[in-house]
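Comments concern the structure below.
The values are calculated or read from the model by the stated rules, or taken from the named source; none is laboratory data. Quick caveat: nothing in here was measured; it's all calculated off a predicted structure. Cβ atoms come from the backbone with ideal geometry, glycine included; neighbour counts cover every protein chain shown.
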Amino acid sequence: MNERILIAEDDFAILTGVADLLESEGYEVDTARDGLAALERYRAARPDLVLLDVMMPGMNGYDVCRSIRSEDPFIPLLMLTAKGAEIDKVIGLELGADDYIVKPFGMAELLARVRSALRRGALAAMPPAEESPSSTLSFGDVTVNFESMSGQKNGAEFPLTPKETALLRFLMEREGKVVSRNTLLDDVWGIDCEVTTRTVDQHVVRLRQKIEDDPSRPVFLCTVHGAGYRFVRERGE
């Protein structure tokens, strides 16, 4: 295994508990108790994954997330947020976090998220053997380049996080079909946990803000109530 994980958390009890758990699973662990130290440790150690608390002294988790993501578009970033702090989740995802874990969290859930994020981060960082014909796809006034994790809408460019890229591609490859949240968790996140369906919803919200004219009335990335989501390429279908 030997993947290196950086934990940035100012609560000593949480920090030591998570560090002990991950080390017992065979991971190498670095720790930091404030944002500035977290950024320094990231640049010195170049970990394979970062667990990042939102509220830290010196430099908050949002700013650390933004800085790390600007230097590495592929490293998995998991945000640790307070229970019920919905704004923490939205801002974290907007800044490039791949997922969030709500405190208090169970150790089994934490390990599942870490393992999944490491697997998918490794796949995202692998360069393609060659440019495939499907690396760029268009719908409506939107063009998406999956290799560069970016898109254009009406000529204006926008970035995509690794998870947004994987989610959009998965849905586009199943155009017209209803895909359940649990299927998305299994195949895009690699997580089998009912309570984490909110993660899918948050990413769909972020994608709609980038590709839809009116995110509150989506025409491409549609909700099928009680079932999941469906991608529709043409308006009016």
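Points to keep in mind about this one:
- Only one of the listed residues (ALA19, ALA37) is free of Cβ contacts under 8 Å to residues at least 24 places away in the same chain, over 24 Å from THR197 (Cα atoms), out of contact with any Leu (no Cβ under 8 Å at 6 or more places or on another chain) and not assigned by TED's automatic domain parsing to the domain that holds THR199. That residue is ALA19.
- Among the residues of region 196-230, those that are in contact with a Ser or Thr (Cβ under 7 Å, 6 or more places away or on another chain) and surrounded by 15 or more Cβ atoms within 10 Å (Cβ to Cβ) comprise GLY228, TYR229.
- Scan region 93-115 for residues that are in a helix (DSSP H, G or I) and basic (Lys, Arg) and the total you get is 2.
- Residues that are polar (S, T, N, Q) and crowded, with 18+ Cβ neighbours inside 10 Å within region 52-76 are absent altogether.
- Considered as a group, the residues in region 24-51 that are over 22 Å from the mean Cα position of the chain (by Cα) and in a helix (DSSP H, G or I) include one that is surrounded by the fewest Cβ atoms within 10 Å (Cβ to Cβ), and that residue is SER24.
- Exactly one residue among ARG230, ARG169, ARG206 is modelled with pLDDT of 95 or more and either basic (Lys, Arg) or within 19 Å of LEU77 (Cβ to Cβ) (or both), and that residue is ARG230.
- For region 217-237, a residue qualifies if it is within 22 Å of the chain's Cα centre (by Cα) and either assigned to a loop (DSSP other than H, G, I, E, B) or of a type in the set (Phe, Trp, Tyr) (or both), and the qualifying residues are PRO218, PHE220, TYR229, PHE231.
- Residue ID - modelled with the lowest pLDDT, chosen from residues in region 172-191 that are closer than 18 Å to ASP99 by Cα and hydrophobic (A, V, I, L, M, F, W, C): ILE191
- Hits in region 133-182 (condition: buried (at least 17 other Cβ atoms within 10 Å of the Cβ) and part of a loop (DSSP other than H, G, I, E, B)): PHE146, MET149, LEU160, THR161
- In region 153-170, the residues that are on the phi > 0 side of the Ramachandran plot reach residues that are modelled with pLDDT of 90 or more with C-beta atoms within less than 7 angstrom, at least six apart or across chains, in these pairs: ASN154/ASP141.
- Qualifying residues in region 77-97 (those that are farther than 18 Å from GLY35 by Cβ and buried (at least 17 other Cβ atoms within 10 Å of the Cβ)) - the one modelled with the lowest pLDDT: LYS89
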